[in-house]
Amino acid sequence: MNCELAKQISLTDLLKKLGFTPTRTTRIDWWYISPFRTEKTASFKVNIAKNVFYDHAEGFGGTTLDFVMKYNNCDIKLALELLKNDSFSFHQPIIVSSNITQEPTYTIQAIKPLTHPNLIQYINERNLSLKVAQTYCKEVHYTLKNKSYYAVAFQNELGSFELRNKYVKMCLGKKAVTYFDNKSKHIVLFESWSDYISFLTLYPNAEKQYDYLILNSVSMLNNTIIKTPNNYLYKWINGELYKCINVQMDKSINNTLYKELKYESIICCFDNDKAGESAFQKVAQTYANVVDGRKLYKNYKDLNDYLLTINRNDLT
């Protein structure tokens, strides 16, 4: 399997194999609930004439090969291997509907320390510190549609789990952020748990120096810290939750904002792509004290991509 052959594989056939069906179709465009996150309105479009996709919510698109790399958070080599071996034992994320109450289609069989050899291998392949991963992640065994699975699990604020292994990327339950309060004056924002674990692998002494907010999907940004008041970045004063106004409207309000926010600095370690840039701009336009942490890995897609280029023995 080479790149050109991989790009010729039908995206609609691949999505069907993964369990995704279009919500509406036209002569050229097929629309799907995005495979990359929980959503109610389809934002993922496939142009069947060109065999390319575009995710309108994230501002990201590409070929079949790009889709497999994004879906599995893997490099080209592994994506080609998956396509060659037809190794798509994936399953569709749980989609939360506001109109229909459904019983969960999954059952959690066990939650245990992260010890399964295949999952340890997955952590090692991503160059993540096993000690850090075992501190913040669990091993979850579950059934979905009468089939048994296991995965690395990272818990969010609602008690649901972000699941990952070599073949699976999904949320078991309801999508939400994860917040670690270390009583710091500075907070770091990440898109995913693997970025967070990568950061602590690179900078182990920073574990308690910052507070951390992991979005678990860039799509969580607006409803978590942009559009509504929240107790992640704002603080309570005299019984009221202070909310900043858009700092671009009046730069003179910056001193006031520093008093109302919990943090002296908000460091964004998002992906170096269109969605990551959009997320950073939204945060920077809402808060006064935002730092772009992507300078740490400016030539790489994300923190884990950068970590993969480093010899772990060189880390101190």
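Spelling out what I want: for every residue of the stretch 109-114, take phi, set θ = phi - 60°, compute 6.51 cos²θ - 1.76 cosθ + 1.60 (Karplus), and round to whole Hz; glycine and proline get x.
Once θ is set to phi - 60°, the couplings for the stretch 109-114 become 8, 7, 10, 9, x, 6 Hz.
Taking θ as phi - 60°, what are the ³J(HN,Hα) couplings along the stretch 276-286 by the Karplus curve (6.51, -1.76, 1.60), each to the nearest whole Hz, with x for Gly and Pro?
Along the stretch 276-286, the couplings run x, 5, 4, 5, 4, 4, 5, 5, 5, 7, 9 Hz.
Taking a temperature of 25 °C and a viscosity of 0.890 mPa s, what whole-number D in µm²/s does Stokes-Einstein yield for the stretch 106-172 with Rh from Kirkwood over alpha carbon pairs? Intermediate values should be presented prior to the final figure.
Numbers: Rh = 12.0 Å.
My calculation gives 205 µm²/s for D.
Please find the FRET efficiency linking Lys131 to Glu157, where r is the Cβ-Cβ separation and R0 is fixed at 30 Å, and quote it to the nearest 0.05. Before the final figure, lay out each step's value.
Details: r = 24 Å, r/R0 = 0.80.
So the FRET efficiency works out to roughly 0.80.
Once the mean 1/r over all distinct Cα pairs of the stretch 3-85 is inverted, what Kirkwood radius in angstroms do you read off?
12.8 Å
If I model a spin label as a point 7 Å beyond the Cα along the Cα-Cβ vector, how far apart are those points for Tyr54 and Asn124 in nm?
4.3 nm
Identify the residues of the stretch 170-204 with backbone N under 12 Å of a label point that sits 7 angstrom from the Cα of Ile108 along the Cα-to-Cβ direction, or state none.
172-174
For Asn230 and Leu308, calculate 0.36 nm times their separation in residues minus their Cα-Cα distance, and state this gained length in nm to one decimal.
Stretched fully, the Asn230-Leu308 segment lengthens by 24.6 nm.
Give me the extension gain from Thr143 to Asp13: residue separation times 0.36 nm, minus the current Cα-Cα distance, reported in nm with one decimal. Please report the intermediate quantities before stating the final value.
Details: separation 130, 0.36 × 130 = 46.80 nm, distance 2.48 nm.
Contour length minus Cα-Cα distance gives 44.3 nm.
Going down the list Lys183/Lys298; Lys17/Lys166; Lys16/Lys301; Lys7/Lys145; Lys17/Lys147; Lys16/Lys274, which pairs span over 22 Å between their C-alpha atoms?
Lys183/Lys298; Lys16/Lys301; Lys7/Lys145; Lys16/Lys274
Output the direction-averaged projected area (hull surface divided by four) of the convex hull of the alpha-carbon atoms of the stretch 120-224, in nm².
Details: hull surface 28.2 nm².
Reported value for the Cα convex hull: 7.0 nm².
Each value in this text was obtained by applying a stated rule to the coordinates, not by laboratory testing. For clarity, every value in this text was computed on a predicted model and none was experimentally measured. When we count neighbours, we look across all protein chains shown, and the Cβ atoms used for this are built from the backbone with ideal geometry, even at glycine.
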